[in-house]
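Read-outs throughout are calculated quantities, based only on the coordinates presented, and are distinct from any laboratory measurement. What you see is a predicted model; the values in this text were computed from it and never measured. Glycine also receives a Cβ, built like all others from the backbone with ideal geometry; neighbour counts cover every protein chain displayed.
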Amino acid sequence: MKPEHNTPPAVTRRDFLRAGLRGAAIAGLGGVAGLVAGRSTAEHLVWQLDPQQCTRCGLCATSCVLEQSAVKCVHTYAMCGYCELCTGYFEPDPIDLNTGAENQVCPTGAIIRKFVEDPYYEYTIDETLCIGCAKCVDGCQRFGNGSLYLQVRHDRCVNCNDCAIARVCPADAFRRVPASQPYLLKQTH
Amino acid sequence: MSRASFSQRRNPAPTAIPTNRWPASLWNQNGLRWLVFAVVIGGFLILQSAWAEQRFPPPDFQSGHVLPTTTTPSARALVWQYVDVAVLMIALALASWFALKLRSRKAMIGLSLFSLAYFGFYREGCICAIGAPQNVALALFDSTYTLPATALAFFLLPLVTALFYGRSFCAGVCPHGAIQDLVLIKPVTVPRWLEQALGIVPYAFLGLGLLFAATGSGFLICRWDPFVPIFRLSGHLTILLTGAAFLVTALFVGRPYCRFLCPYGALLKLASQVSRWRVRITPDHCTQCKLCEKACPFGAIRAPAPPPPPATELRAERNRFLILLVLLPGLILLGGWAGSKFAMAAAGINPEVNLAERHLAAQAAESLPPLSKPDQQALARAQRTESELLPAALAVRRRLGFGGWILGGLFGGFLGARLMGFSLWVRRTDWEPDAGDCVACARCFRSCPQELLRLGLTPPELPHASPAPSGEPPPG
Ligand code: SF4
Ligand code: SF4
Ligand code: SF4
Ligand code: SF4
C-alpha cells in the first residue's frame, strides 16, 4: 500500500474505507445476531418422527444417509396385547404360528418372539437387525394395538442439518424436537 | 371421499379400525393377503371397542411378568455442543496466530489434520459453518423455528475472525478445506479468466441456499455437500461419487470446492476483503524477486501493479466503467428477473409446493377410480385438505418469486460491481496475496528469501536485504 517500506504506514484512503466497511459488516452481523437471538435456544434440536402421523411408507429404511437407517422400530409394551397371533410379527395367512422366517413379516427377522404365559407372547425388537422398514408397524397399526412404531434412535442418528428422511416423508411426520426430549413415544391412555 | 377405507367396504366392524390411515398399498398384491388375514381376525374385531389402539386389552399376567421398558438412548449431550464451539474458537485463534504471527505451514498442517479429524471424521461434518447461514436465514423468516445457539456461533465466529484476521477458518479449521488442502499433490494453474468466471458461482449458490432455507424449503447447501458423506463414510451413491470426484480434482486443482462452490467461503471472502490484518508473503519487505510468483496453488498471489498512467491515457477504462455504471440498473433488473424465474421453476423443491404440484397433476390425469394411484394419496397421507394446501403452496411460490427478485437483483448488482472493478486501477507495490482469495494456508511464505533469512536458513544467493527486526506486529 505504501511505497516506502521503512516508514510506518500512514492511514491511506483505502485503509479508511476498509475500516468503515468493516464497521458496517460488524454492525450488520450484530444486527442479524440480535434479530435471531430472540428466537434462539441454548438447547440443541434433533430430528424425530411423530408416530401418529407416520403412514408406514417404508422410506425411513431407504432414505437415511446412514447405511443402516437411524430409524428403528420401538415398542410401547404397556400398549401391547401380547397376542399369540401378532399381526406385526406374522405374515397374513401364516403357514404356522412359529418363528419360521417364512411366517414372519419382518424381512430381517429382527423381532424376537418370547412365550410369557398362556396365551401371551412378548415381542421385542433387535435393533441391530431392524432396518426401520415399518412392515411390522403397518401390521400392528392395522390389526393390532399399534404398540409398534418407528422412532429416530439418537444413539445412531448423526443429526443432519437437513434430515434426508424428513425431506421425503410423505406424511410430514418429521420435525425438530429439543434434544432433552428427543422421543415422541406412544403412551397408554 | 377417496380415503374410504378397506374396512368400511369389506369388514363387518367398520368402527373398529381408524379410517384415516389406510394407504393405497392395500390394493396392491400384498393387500389381497391382508384381506384374507383381515377376514380371519375380523371376528375378534367385532368384539372390540371402537377405539382402535386398544383392540386387544393388555393382559394381566398371572406369572407376575414385568413389562420391559422402551429404551430411549439420548442424543449427544448439550455440553458437547458447547465443547464444539470452544474447539472452534481455539482453532480459529490458533489458525490466525499460525498464519499471521508464527508464519508456519507445518503448524497449519497440524491444525488442519486436527480439524479434519475432529470436525470432519469425529463430528461427521455436522455441525458446520458452511450450512449455518441457512439456519440463520430460516430463523430470520420462520418464527416457529428456534435456532440453536451453537449454529449461531458457528455462523458468526469464523466471519468475525475473517473481519480481523482473514480467512483463518479456511486455513486450518474447516474440515472441507482441510481435506482438499491435504490431498493437493500437483497443483495446476487455473487460467485467470476461468478463475474469475467460476469464482462467481459460490455467490449464486449462497443466494440459492439462503432463498430456499428462508422459505422453509430445505437446506440445499447441506443436501449437496460433497464431503460430509465422505466424513460419514456413508451416503447415497450419487453424492458419494460427487465427493470422490471433488477429491480427485483436488489432487491437481487446489481446493476446487472452496474456490468454485463454497457459499460460506463466498461470505468469508467478502469479510476478509476488509480485514484488519492480513497475510503477507514477506515478513518484512518485498524485494520484487518474483520467487513467490507461482507459490500459491489457489491462484491468490497478485503481481505489483504500477502507478496508473496519466488520466488522459485511461480513456478506454473510464468509458467502460461509465457504460457499466449506466447498465448497472439493467443488470440488477435482469438478475432479479432471472432469479425469480429460476426460483419459481425450482419451487418444487419445497415439500408443500411439491405436494400441491403432485396433487394437481394427479387431478389433471384423473381417469381411474380414486385411490388407485399412490400420487393421489399424497394429500391424504399428509393429512391436508386441498383448500388448505393450495393457498399455502401458492404463498410459498410467491415468497420464492419475491426472494428470487431480491437475491437475483443483488447478484446482478454484484456482477456489475465486479465487472466495473476490472476498470479500476488498484496500485500494488509488492507481491501480495489477494485479500479475498487467500485462504491463509501459509504455503507461500517459504518461497520468499526474506522469510528464509528471518528463519536463519540460507537464502539461495541473495545479496542485499537486511534481517528484519523481530517481533513486528502483524503487518496491516
Ligand atoms: S418416511 Fe414418514 S411415513 Fe414413511 S415410514 Fe418414515 S415416518 Fe413413516
Ligand atoms: S419389520 Fe421392519 S421395522 Fe419392523 S422390526 Fe423388522 S426391520 Fe424393523
Ligand atoms: S437426521 Fe440424518 S441420520 Fe438422522 S434419521 Fe435423518 S437422515 Fe438419518
Ligand atoms: S472456502 Fe468453504 S469449504 Fe473451503 S475452507 Fe473455506 S469454508 Fe471451508
I'd like the mean, over residues of A:152-165, of how many other protein chain beta carbons sit within 10 Å of each residue's own Cβ.
6
Each label point is 7 Å from the Cα along the Cα-to-Cβ direction; what then is the distance between the points at B:L325 and B:K290, in nm?
3.6 nm
At a 10 Å Cβ-Cβ cut-off, how would you order A:D162, A:D15, fewest neighbours first?
A:D15, A:D162
Apply the Debye scattering formula to the range B:46-154, with a single equal point scatterer on each alpha-carbon and no solvent, then give log10 I(q)/I(0) at q = 0.13, 0.14, 0.21 Å⁻¹.
-0.71, -0.76, -1.19
Just order A:90-102, A:147-159, B:390-402 by mean Cβ neighbour count inside 10 Å, highest at the front, would you?
A:147-159, B:390-402, A:90-102
Most exposed first by the Cβ proxy, i.e. fewest other Cβ within 10 Å, how do B:T189, B:T146 rank?
B:T189, B:T146
Using θ = phi - 60° and the Karplus curve 6.51 cos²θ - 1.76 cosθ + 1.60, what whole-Hz ³J(HN,Hα) does each residue of the range B:344-350 get, with Gly and Pro shown as x?
5, 5, 8, 4, x, 5, 5
If one computes the Cα centroid of the range A:24-76 and of the range B:401-439, what distance in Å separates the two points?
35 Å
On the first, second and third principal axes, largest extent first, how far apart are the outermost C-alpha atoms of the range B:306-425 in Å?
80, 23, 22
Could you list A:Y89, B:Y82 in order of exposure, starting from the residue whose Cβ has the fewest other Cβ atoms within 10 Å?
B:Y82, A:Y89
What is the mean number of Cβ atoms from other protein chains located within 10 Å of the Cβ atom of each residue in peptide A:141-150, rounded to a whole number?
6
Report the equivalent ellipsoid semi-axes for the range B:395-457 in whole Å, largest first, defined as the square roots of five times the eigenvalues of the gyration tensor built from alpha carbon atoms.
43, 17, 5
Charge dipole magnitude, Cβ of K and R +1, D and E -1 - the range A:45-178, Cα centre, debye nearest 20:
600 debye
Among A:A171, A:Y121, A:H154 the positive-end extreme of the charge dipole of the range A:116-189 (Cβ point charges):
A:A171
Run the numbers on chain A and let me know its relative contact order in percent, using alpha-carbon pairs under 8 Å that are six or more apart.
33 percent
Can you list the equivalent-ellipsoid semi-axes of the range A:45-178, largest first and in whole Å, using the square root of 5 times each Cα gyration tensor eigenvalue?
27, 14, 13
Mean separation of Cα contacts under 8 Å (at least 6 apart) over the residue count of the range B:306-425, i.e. the relative contact order in percent, is 50 percent
